[in-house]
Every structure is written in structure tokens, then in C-alpha cells.
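Okay, structure first, notes after.
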Amino acid sequence: MVVCCCYNSTVVISDMALQISARVSHVRTLLCTAGSLSGGVRGDFLQKAGVKLKHFLTRGSPQQQVGGTPVKSPVRGYMSAATRADRLSASTATAALRRFSQANGSPSLPRGGTGWLGKFALGAALGVGTAALVRSLHTGIITAMSVKSNLDSAEGNWKETKDFLLSLPVEDRRRYYRTSGSVSLDDLPVWTPTAGRSEPIRYQRNEKLDLKISVFSGDITKLEIDAIVNAANKTLLGGGGVDGAIHRAAGPLLKKECASLHGCETGEAKITCGYGLPAKYVIHTVGPIAQGGVGETERNALRSCYRNSLQAAADNAARSVAFPCISTGIYGYPPEQAVHEALAAVREFLDVHHDKLDRVIFCVFLPTDKELYLQNLPLYFPADPAEAAIKSKL
Ligand code: APR
């Protein structure tokens with residue numbers, strides 16, 4: 001019986017190491033059958049085989065012990081024996097996998113097939129040596145497990161973890177979220193323009209841009225999108241409010257990467273990995289402190305936060321971005337004034353760079369903010385094609 005149990009991030013593989021190769025040849029048969037199937041059917045088959053493989057790999061069960069004590073994974077020992085027997089190194093297997101996927105193209109891969117599981121499945125289909133498959137299987141499990149434990153520990157290597165997470169398709173990244181209840185982009189309705197307020201609308205109607213706008217009422221750390229914006233402070237080392245929420249959800253590696261950025265000036269924006277968040281990236285920006293009132297300096301600084309955050313997203317191919325109501329909490333910027341700087345900055349960025357972004361989401365945490373955005377959006381993303389006195393942005 002092949003049981004792989006993960007306990008406190010220690011992979012305990014009991015009583016089955018040698019049988020992995022038996023299972024692997026079973027999987028190989030399964031997948032080599034796939035080789036004889038046509039594209040679409042094969043894709044289905046690999047998907048099922050991939051799910052099956054994933055299932056038996058991660059089937060949960062209480063920690064198994066041999067002789068009453070947890071055994072460390074004996075796989076490494078068996079692997080080197082099997083590798084010697086097969087005289088196949090992982091690099092040979094990888095080269096073969098690369099040839100296979102080039103020859104066959106990735107569409108027939110199970111979704112997320114570029115991850116270690118996909119490579120493993122491909123290897124079995126290729127007839128890659130058992131040892132190399134066991135090695136990729138073992139590496140895959142250990143990689144997955146070590147990243148999982150890394151995300152909870154300040155001792156983890158943020159650079160390696162960041163590279164690993166950013167290399168994954170969203171389906172594979174999901175197993176590393178540190179919180180539950182994520183909300184995907186498809187769950188967010190787009191803005192449907194409504195008749196504006198009595199004030200004259202300020203921008204022309206652009207239906208393509210309307211489709212790029214959403215209002216989300218809730219916790220920004222739940223959004224499974226390319227980037228969420230953090231209303232940070234100049235140290236970038238965390239704080240209260242949305243900054244605290246984002247750091248808590250992302251885990252301690254976020255602070256480690258932020259520390260490497262050496263702070264951020266008001267109005268500027270810097271990007272990091274999202275780590276344990278459903279968002280791939282976090283864009284940190286520092287809003288103006290407006291307790292003493294709002295002047296030209298504060299208005300320009302707040303617009304810069306939105307503009308520079310969108311630019312950072314565009315520079316990193318992050319096509320969906322969510323903003324909290326920057327500076328309207330601890331920094332004291334009056335929300336009824338901040339909403340205009342936010343909407344104007346986003347509208348003017350999209351007028352020029354509409355091809356760089358698919359969605360900009362205004363995340364409103366307070367009911368009063370939701371009301372403010374729904375009231376003012378029609379001024380910036382109007383319903384009527386009426387001639388608009390375009391603000392002097394030219
Ligand atoms: N999701 C979305 N929005 C949130 C969340 C959340 N989980 N938590 C708070 N908010 C909202 C607040 O309701 C407010 O509308 O974020 C907005 C910004 O409030 P703050 O977080 O207080 O940010 P800001 O006013 O820009 O002050 C920044 O506060 O947290 C510290 O380190 C931060 O020093 C910096 C200062």
C-alpha cells in the first residue's frame with residue numbers, strides 16, 4: 001500500500017518506499033496508454049490520471065509509524081539504489097520531458113501539468129527510468145512540503161520560495177494559500193454604469209473600460225487575482241489596518257522581502273510576491289498623511305499611489321489589480337475626497353494603458369466607502385455617451 005502522510009511538514013513515508021517503483025510502473029502503463037490516445041481524449045485521460053496520481057499521493061491519513069516510532073523517509077536511500085540501477089539521472093529525465101512536451105505541446109497536459117506532477121506524469125508516459133521518476137516524485141513532494149513549511153516560518157528562504165510560487169499556475173499555487181475563502185476574478189461582477197449624479201460627468205463613456213472596473217466589498221486578502229495593493233508605511237515592515245491584514249495572511253516571508261526593498265517614499269509603489277496570499281503579488285504604496293487637511297501636495301501624492309501602483313502592475317504583467325481605500329484610515333484622508341483622486345487616477349491610466357490591464361477592483365471594506373464609490377463611479381465611468389468636458393488631462 002502506498003501511503004504518503006505529511007505530518008508537521010515532515011514527510012513520513014512508511015512501509016512502501018520500495019513499492020513506489022511498482023506503483024510508478026503501474027502509473028507508467030496507465031500513462032503510456034494515454035500515449036496511444038488522440039489529443040483531446042488523451043488530455044482528458046492525463047487529467048484523470050493526474051488527479052488519480054495526485055490523489056494517491058496526498059491521500060490524508062494519520063501519521064503511520066513502524067515499530068512505534070515515526071520513520072524518516074527511507075525514499076532517499078531506495079532512490080539512490082534505483083538510480084544506480086537505472087543509470088538515469090534526473091537531468092536526463094528532464095531533457096526527455098522537455099523533448100516530449102515540445103513534440104506534443106503542452107495543451108494535452110493535465111491542467112497545471114507544468115508543475116512537478118505534470119513532469120512526473122509525462123516522465124511515466126515517456127518510459128523515463130523508474131529511479132528518475134521516483135526522484136521527481138520525491139522532489140515534488142519535498143518541494144511542495146518545504147514550501148508549505150517555509151511560508152509559516154520567518155526562517156524560510158524568501159527568494160527561493162518566491163521563484164517557486166511565481167512559477168506555478170494558479171491551480172497549483174492554491175495548495176499554498178494560508179487562508180481559506182478566496183474569491184476569484186470570475187466571481188467579481190464588472191461595473192454597470194448607472195445614471196450619474198446631477199454633476200456634469202467628467203469623462204466620455206468608454207464601454208471597454210467599464211468592463212475593466214469592479215467594486216468588491218470585503219477583505220482584500222481574499223482576492224485571488226494578480227495583485228493587491230497594500231496601504232503601507234514608509235518602512236514597508238507592516239503595521240495595522242490593511243497593511244497588518246496583508247502581512248498576517250501572506251506570512252513572515254513577505255516582511256523579509258519587504259526588508260530587502262529598503263523602504264518606500266510617499267506616492268511611490270514597490271512590488272513583492274504574495275507568498276501565502278491568494279494574490280500572486282502585493283504592490284506596496286505609501287499614501288499621504290492627511291490628518292492636518294488636504295492640499296495640492298496630498299492630492300498629487302494620493303494620485304501617484306494609484307498611478308504608480310498600476311504602473312508596477314503593468315511592468316510585471318499583473319493584469320488584475322485591487323486597491324483598498326488608500327490613506328482613508330489611519331492616515332486620515334477624508335474618504336469623500338480620496339474617492340475622486342482614486343477614480344480620476346485609474347480612469348486616466350486606463351485611457352492610456354487599457355491594453356495592459358484586464359481589471360481594476362476598488363476594494364471597499366466599510367459600507368460608507370462602498371456607498372461613496374457607487375455614487376461617484378458614474379462621474380468617471382459614465383453611462384451616457386454625452387459629450388464630456390474632459391478634465392484638462394491633455
Ligand atoms: N481589506 C480591505 N480594506 C481594508 C482591510 C482589509 N482587510 N482592512 C482595512 N481596510 C481599509 C480601511 O477600512 C481603510 O478604508 O483600508 C483602508 C485604508 O486604511 P489603513 O489600513 O488604515 O491605511 P492608511 O489609512 O493608508 O494608513 C496607513 O496604517 O496600517 C498602517 O502601516 C500602515 O502606517 C500605515 C498606515
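The values are calculated or read from the model by the stated rules, or taken from the named source; none is laboratory data. Keep in mind it's a predicted model, so treat the numbers as computed, not measured. Note that each Cβ is placed from the backbone with ideal geometry, even for glycine, and that neighbours are counted across all protein chains shown. These accessible areas exclude ligands, DNA and RNA; they are computed on the full protein's heavy atoms, side chains included. Shrake-Rupley method; radii C 1.70, N 1.55, O 1.52, S 1.80 Å.
A few notes on this one:
- For first residues located in the range 248-271 and within 15 Å of Ala312 (Cβ to Cβ) and among the hydrophobic types (A, V, I, L, M, F, W, C), partners that are open to solvent by 50 Å² or more (accessible area, probe 1.4 Å) and assigned to a strand (DSSP E or B) and lie 6+ apart or on another chain with Cβ distances below 7 Å form the pairs Leu261/Lys270; Cys264/Lys270.
- Qualifying residue in the range 174-184 (condition: open to solvent by 60 Å² or more (accessible area, probe 1.4 Å), within 12 Å of the ligand (Cβ to nearest atom), among the charged types (D, E, K, R) and modelled with pLDDT of 95 or more): no
- Count of residues meeting criterion [away from the ligand (no atom under 13 Å from the Cβ), open to solvent by 50 Å² or more (accessible area, probe 1.4 Å), at negative phi and among the small types (Gly, Ala, Ser)] in the range 289-346: 1
- Index of the failed condition, Leu277 passing every other in (1) in contact with a Ser or Thr (Cβ under 8 Å, 6 or more places away or on another chain); (2) more than 30 Å from Ser149 (Cβ to Cβ); (3) not acidic (Asp, Glu): (2)
- Filtering the range 151-164 to residues that are crowded, with 16+ Cβ neighbours inside 10 Å and under 17 Å from His247 (Cα atoms) leaves Leu151, Gly156, Trp158, Thr161, Lys162.
- Residues of the range 258-280 that turn out to be assigned to a loop (DSSP other than H, G, I, E, B), closer than 21 Å to Asp226 by Cβ and not hydroxyl-bearing (Ser, Thr, Tyr), as a count: 9
- When the range 240-261 is filtered for residues that are in contact with a His (Cβ under 9 Å, 6 or more places away or on another chain) and surrounded by fewer than 16 Cβ atoms within 10 Å (Cβ to Cβ), only Leu261 remains.
- Lone qualifier among Leu168, Leu151 - being free of Cβ contacts under 8 Å to residues at least 60 places away in the same chain and over 26 Å from Ile326 (Cβ atoms): Leu168
- The residue of the range 207-230 that is most open to solvent (accessible area, probe 1.4 Å), among those that are near the ligand (Cβ under 9 Å from one of its atoms) and part of a loop (DSSP other than H, G, I, E, B), is Asp219.
- Residue count for the range 231-257 under the criterion of being assigned to a helix (DSSP H, G or I) and either within 11 Å of the ligand (Cβ to nearest atom) or out of contact with any strand residue (DSSP E or B) (no Cβ under 8 Å at 6 or more places or on another chain) (or both): the result is 12.
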